[in-house]
Amino acid sequence: MKKLLPIFILFGLFSYSSKAFHIVGGEIELVHVEGFTYNLNLIQYFDAAQTDNPGPDQFATVFIFENGTNAKVDEFLLTLQFTQTVPYTTPECAIGQLQTTRPYYSRTVTLDPTKYSNPAGYYAVWERCCRNASVVNINNVSGTSVGMTYVLEFPAIMKNGEPFKNSSPQLFPPLSDYACVGQTYYTNFAGIDVDGDSLVYSLKTPLNSSSSIAVPVPSAKPHFPITFAEGYDEQNMVPGSPSLQISDKGFLTVNPKFTGLFVFSVLVEEYRDQVKIGQVTRDFQMLVIDGCDPPAPPDAYVRLPEERGFYNEVDTIKFTVADEKCFEFLVTDSIGQLVTFRAEGVNFEQKVEDIFEFKQSFINPDKDTLRVEVCIPDCPYVRDEPFIMDLLAADNACPLPQIDTVRLTIFVEPPPNDEPFFVSANKTRIITVEEGGVYSEKFPGFDNDGDFLTTTLVADDFDPGDYGMTMELTKDEAGLNEVLFEWDAKCLTYDFYDRSQFEFYMVLEDLDICSQPVGDSIYFDLRVDLPPNNDPEITTGLGDSPAFARIGTKLEFNVKAKDIDNDLVHLRAFAPDFNMQELGLVFDDVSGIGEVNKLFSWELSCELLDIDKSETYQVYFVAEDEDHCKFPNSDTLKVDINVIVPFNNQPKFEVYPDYELTVNEPFSLDITATDRDNDFITVDLLEGVPLPPSPSLQFGRVSGEGEVTSTLEWTPECDLLDDGFAPKKYNVFFLVWDGRCPIQKYDTMSIVFEIKELVVEYDNFLPANVFTPNGDAHNSTFRLTNLPLPEQNLPPDNCEDQFLSITVVDRKGKTVFESDDRNFEWTGDNLPASTYYYSIRYLNTDYRGTITILY
């Protein structure tokens, strides 16, 4: 008998030391939810048989790094969500030393697309200590446990500026099964990918952790593999015949030689469009025990039609059209074993139950004998090929079901069928239709078997209906089918701009019993002859030269579009790099028959052109015609407009020396600035620079064309002097700027003013001593200011000494006049002629004298 024994990998964990840690294996997942939201999951497999070990951690920290640079990007704290028991394939086969649970950690995270757009991708890492000290295929120094590192690699979540959605592969949970020495075990280790990506499986050396502490901080690459014990390596992680191996589709097998606890890893690589985009590694352990004594596998036999004997090897079963297409499948097994049956297709994807009919019954329950009647359909499922099907019988032995398989190759002869045919002897149509015309032809088809027929149009890269092609059924009888094919080649109705030649087939098929795809065909090569259409042409008054224009001027030139077919022409302008309307460019769309002209105009206003150096502006003129078929023929002309920013001379102040000013004495100075370009200029004090602290300092802003002058007025106060009334210098800053657009120029100037104390000669004061208030208007009052003789005037005030008051008394000491105004005038108040005495008080100086009234 041809034995096809699928094999199962034995998952589990067996601990010989209560001090060993409890994590069997696991992996990391990243599952897309929506947008940039993902579920980040960590799956562990946990040794529940070790009661001395603590339960699963409540939290797990996963770090994410960038591929290539290995820079850390994020870290996420995951929370334990639930813990599940990992089942056995056959619960009755459970053993106490192998009990596995599945802790599941998860967190919903949002990945920032600005942080996760590196084309090199990213990887998530989790580390933990420790593996079981009793693992036999790795080096455990002095019984010290070895740690583990789980890694998930995933692509950037942005690609070419667009979100790149991807979920990592999700592996099927393993079973809590164990392996037996000398017996083959098997499992389908394959997972699923919700994005439809291709998955490729291989064995990989497990990774160690970066530290011996219980929960190390996850580290970036490189990650270091565990060290195998002597006699073990990546190709021999579980020795056997065969040793541990996995197909690229995820089918894992082993027939172990030795007992013990073995660790291994499975690498799952993820491909999209034949490009690798990520990978995930699952760590796990396998327990191998001895002493298993499963019963012999069931025996499967086949009895062919019209024969009495059963066979356990069958090459090919052939059925003719007239045959009854059924046969028997018989299974016998040891007493007490439950026998099951299933069928699997080998060279077809459809479920066998949808094709074959199965009727099963126990004909001898005491000997566990199962009889299955298998019936084949009359029509072959695969044309010109046989069915290939496996019939599998399995019992419920421990640790895994024992299986026997019979592979059948079944060839079904299809019923006879003559191919239908078109009546036309010419099976090629190469036809050119002038635009606006119609091609029409009938195509009758026949079938000698009297089958009903169908006629279809088959085109690879277009839909005939989109281009005016129709097919109408005019006759539909048994053995006869006629269609009327028509092509309406009107370009105003159907778009022939991108395509004017059409190749396709008209296919005739019969509706026979088995619906076999046989028939006849006619090849078509149809072409439409379109009217000529020349592109319009654009010219400008500039010829082939670029345009030059200075800011402040107006640029104008003519634009013409001409179409030699005399079609309707549309002319427009656009600028891809700026807004024409905002910058003052004027060119309205224009249309006309055959030829159109339009003036382009640009008033180059510096207020709209915010530039400080010459620049080139590109304007595109587009002409499109409307021909008979309304095809978008066009011409585009690019014009470079070089905008020149005119040179601007700097306005300048006249040159001024430094000045010495005396307190309390008025000072004025005309400040003049000029501009060589005769621009509008403004002169003012320079803002932001402190002025001397003097309320009397005055300077007004003034503006004008070419030259302006403003006057500085200043009577310095005593507060401007330094300590001890010493002189002190001050800078006064001035600014002049022009109004030239877009480049404004300016000049600054400062003048140094030294403020000094007023020097007073008090000894030179010789006031008048007589006045005559007799009404003759001469010398009629007594005053000490504004007199023609300088020595008769009161000494001026300075910062050290100032006038306070004057008092006049008669001979008896009676006060007859007093004032605190230095500009006083005493009229005598009609006092008698006499000599009177005055006292003049300054802050630090007193003057006494006499004044005589004469009439």
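The values are calculated or read from the model by the stated rules, or taken from the named source; none is laboratory data. Model, not experiment: these values are computed from the prediction. Here Cβ is always computed from backbone atoms with ideal geometry, including for glycine, and neighbour counts include all displayed protein chains. Quick note on the areas: whole protein, heavy atoms, side chains included, nothing else; ligands and nucleic acids left out. Shrake-Rupley method; radii C 1.70, N 1.55, O 1.52, S 1.80 Å.
Table for the structure above
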{"item": "Filter on Lys165/Lys221; Lys72/Lys276; Lys115/Lys159 - keep pairs with C-alpha separation over 20 Å", "result": "Lys165/Lys221; Lys72/Lys276"}
{"item": "Positive-end residue of Thr835, Met469, Ser634, charge dipole of the chain with Cβ unit charges", "result": "Thr835"}
{"item": "Kirkwood Rh, angstrom, segment 503-545 [1 / mean 1/r, Cα pairs]", "result": "16.1"}
{"item": "Pairs of alpha carbons in segment 624-727 whose separation is greater than 23 Å (percent)", "result": "56"}
{"item": "Rounded to the nearest 20 debye, dipole of the chain from Cβ charges on Lys, Arg, Asp, Glu", "result": "4000"}
{"item": "Relative compactness, segment 703-813, computed as alpha-carbon Rg over 2.2 N^0.38 Å", "result": "1.85"}
{"item": "Protein-only accessible surface order, largest first, of Arg107, Arg499, Arg848 at 1.4 Å", "result": "Arg848, Arg107, Arg499"}
{"item": "Heavy-atom surface of the chain, accessible at 1.4 Å and reported per residue (Å²)", "result": "50"}
{"item": "Accessible-area composition of segment 379-524, carbon plus sulfur, in percent [1.4 Å probe]", "result": "47"}
{"item": "The chain - share of DSSP beta bridges that are antiparallel (%, nearest 5)", "result": "90"}
{"item": "Given charges at Cβ of Lys, Arg, Asp, Glu: the chain dipole, positive-most of Ile355, His22, Asn566", "result": "His22"}
{"item": "Estimated dipole of segment 142-299 in Debye, rounded to 20 [Cβ of Lys and Arg +1, of Asp and Glu -1, Cα centre]", "result": "380"}
{"item": "Of the trypsin sites (Lys or Arg not before Pro) in segment 540-638, those whose Cβ has at most 13 other Cβ within 10 Å and which sit in DSSP loop", "result": "Lys613"}
{"item": "Exposure of Asp57 as accessible area (Å², to 10), given a probe of 1.4 Å and all protein chains", "result": "50"}
{"item": "Top positive-direction residue, dipole computed over the chain with Cβ charges, set Ser614, Tyr185, Gln501", "result": "Tyr185"}
{"item": "Cβ crowding within 10 Å averaged over residues, with 125-138, 401-414 ranked highest first", "result": "125-138, 401-414"}
{"item": "21 Å Cα cut-off, lysine pairs counted over segment 562-679 (separation 8 or more, or different chains)", "result": "4"}
{"item": "Kirkwood-based Rg to Rh ratio, the chain, C-alpha trace", "result": "1.33"}
{"item": "Using θ = phi - 60° and Karplus 6.51 cos²θ - 1.76 cosθ + 1.60, couplings along segment 623-629 (whole Hz; Gly, Pro as x)", "result": "10, 10, 9, 10, 7, 4, 8"}
{"item": "Share of carbon and sulfur in the accessible heavy-atom surface of segment 210-290 [1.4 Å probe, %]", "result": "52"}
{"item": "Accessible area of segment 648-741 belonging to carbon and sulfur atoms, whole % at 1.4 Å probe", "result": "47"}
{"item": "Proximal lysines relative to Lys427, as straight alpha-carbon distance under 29 Å, when same-chain residues fewer than 8 apart are discounted", "result": "Lys442, Lys475, Lys490"}
